[in-house]
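In what follows, a structure is listed as structure tokens, so that the remarks can point back to it.
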Amino acid sequence: MQQADTLDDTLSMSLGEDYPDIREGVRRICERFPGEYWRRLDEQQRYPEEFVAALTESGFLAALIPEEYEGSGMPLRAAAVILEEIHAAGCNAGACHAQMYTMGTVLRHGSAEQKRRYLPAIARGELRLQAFGVTEPTSGTDTTRLKTRAVREGDHYVVDGQKVWTSRALHSDLMLLLARTTPYEQVQKKSDGLSVFLVDLREARGKGLEIRPLKAMINHNTTEVFFDKLRIPADSLIGQEGKGFRYILDGMNAERILVASEAIGDARWFIRTAVNYANDRQVFQRPIGQNQGIQFPIARAYAETQAADLMLRKAAALFDAGRPCGDEANMGKMLASEASWHAAEACLQTHGGFGFASEYDVERKWRETRLLQIAPISTNLILSYIGQHILGMPRSF
């Protein structure tokens, strides 16, 4: 923490509405996908193919892919702005955000051949890298205890195991998979012996890989994935065998900053929607926004959102400068998810019974933003991180 503080003197961080051209471009796309589009998807439990195609064609999903691989080569802050604006417009980036934060693992640790083979095709929209196979039914967030095994046999690895909450696996061509290559009992350090693979789902399905939809409270197109002696080429391995946990950790700060930016967008949507309704809705011959019981929760959510936004901007600035940002990324994610949830609660309460009517989109967005208290990391784990790693208290688990 002290190191970050001493470096802050020279850190540049934009305030206000940065990247205005990107923001305007995202808003124009989102205008084509109003609330009724998302409500229809909810009813049908359908993937937003049209929305993802529009973002792909615009180049926004290739924001973090370097120009040498036909991407835009933008900084993380620009990618965060894209996701924020999607959610501020009432849309949802859950169908495609993984392509941004999984990219770093391939980019930083993949071989030259892997990057040449996959990144340009992803940037052009010919391939989708949307699935991230980490979480398992029995291990949850205790990633080092995962049981999916990958055993080397000649020029292949044989994979057995199960993943859960693997969103978008049915709509992705490639999946980033974390599996144990050395048994837990045989490693000196519990985070050793885990490896990352880039699995071609097109080749694997029906040959030892089964994907089953998992219906949930929100339309996140999530699945369970089963591996039964799936054989994948040895060159599917990213980086060195047994070093995968570190590779995954490398991308977690970026993931938290990006997903937290979605929470900022959600909060802005809720606050704007609540204010408009509170000013228009008349009860007892006066706008309900005149009542402190309505006005104050919205005002508090706005203040929390502004504070969370500043923390996230600092985290992104540190990340883009190549400096340590774990403290800021974790705190920013927690603050943003809580701001969005408080804004959601205020918005729903402001609308009263109408908040539960689908046509207002409040209940849909309320359900969607609730997820951010749990994923990609729960609030309690962040509090544990702050207590142990920032404040120096004993580990709580």
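Observations, loosely collected:
- Based on C-alpha pairs under 8 angstrom that are at least 6 apart in sequence, segment 25-137 has a relative contact order of 29 percent.
- Long hydrophobic helices in the chain, taken as whole DSSP H segments with a C-alpha length of 20 Å or more on their own axis and mean Kyte-Doolittle hydropathy at least -1.0: 244-280, 292-320, 326-351.
- For segment 37-140, the solvent-accessible area works out to 34 Å² per residue, with a probe of 1.4 Å and every protein chain left in place.
- Protection-proxy order for peptides 255-262, 177-184, each taking the mean of Cβ atoms within 10 Å per residue, highest first: 255-262, 177-184
- Listed residues LYS147, LYS333, LYS215 arranged by accessible area, highest first, probe 1.4 Å: LYS215, LYS147, LYS333
- Calculated FRET efficiency for the pair GLU31/THR141, C-beta based, R₀ 35 Å, to 0.05: 0.40
- What a 1.4 Å probe finds exposed on segment 20-68 is 44% carbon and sulfur by accessible area, rounded to a whole percent.
- Net charge over other residues, Cβ less than 10 angstrom from the Cβ of ALA336 (K, R count +1; D, E count -1): -4
- Excluding ligands, DNA and RNA, the accessible surface per residue across segment 207-337 is 45 Å² with a 1.4 Å probe.
- Mean residue ellipticity at 222 nm, helices only, the chain: -15000 deg cm²/dmol; runs of at least 4 DSSP H residues each add -39,500 (n - 2.57), and the sum is divided by the number of residues.
- Ignoring lysines fewer than eight residues from LYS147 along the same chain, the ones with Cα atoms less than 19 angstrom from its Cα are LYS163, LYS189, LYS190, LYS229, LYS243.
- Charges were assigned to the Cβ only: +1 to each Lys and Arg, -1 to each Asp and Glu. The resulting dipole of segment 179-239 about its Cα centre is roughly 120 debye.
- Amide N of segment 238-255 lying under 11 Å from the label point, which is placed 7 angstrom from the Cα of ARG108 along Cα→Cβ: 246-255
- Take TYR69: with every protein chain present and a 1.4 Å probe, its accessible area is about 40 Å².
- Surrounding net charge for LEU214, when Lys and Arg each add one and Asp and Glu each subtract one, Cβ distance under 13 Å: +2
- Portion, in percent, of the accessible area of segment 232-342 that falls on carbon or sulfur, probe 1.4 Å: 54
- The separation of segment 310-344 from segment 348-394, counted between C-alpha centres, amounts to 15 Å.
- Taking the Cα atoms of segment 138-254, the ratio Rg/Rh between the radius of gyration and the Kirkwood radius comes to 0.95.
- For segment 161-200: accessible area per residue (Å², 1.4 Å): 36
- The mean sequence distance of close C-alpha pairs (under 8 Å, at least 6 residues apart), as a share of the length of the chain, puts its relative contact order at 16 percent.
The values are calculated or read from the model by the stated rules, or taken from the named source; none is laboratory data. What you are looking at is a predicted structure, and each value in this text was computed from that prediction instead of being measured. Note that each Cβ is placed from the backbone with ideal geometry, even for glycine, and that neighbours are counted across all protein chains shown. Heads up: the accessible areas ignore ligands, DNA and RNA and are worked out on the full protein's heavy atoms, side chains in. Shrake-Rupley method; radii C 1.70, N 1.55, O 1.52, S 1.80 Å.
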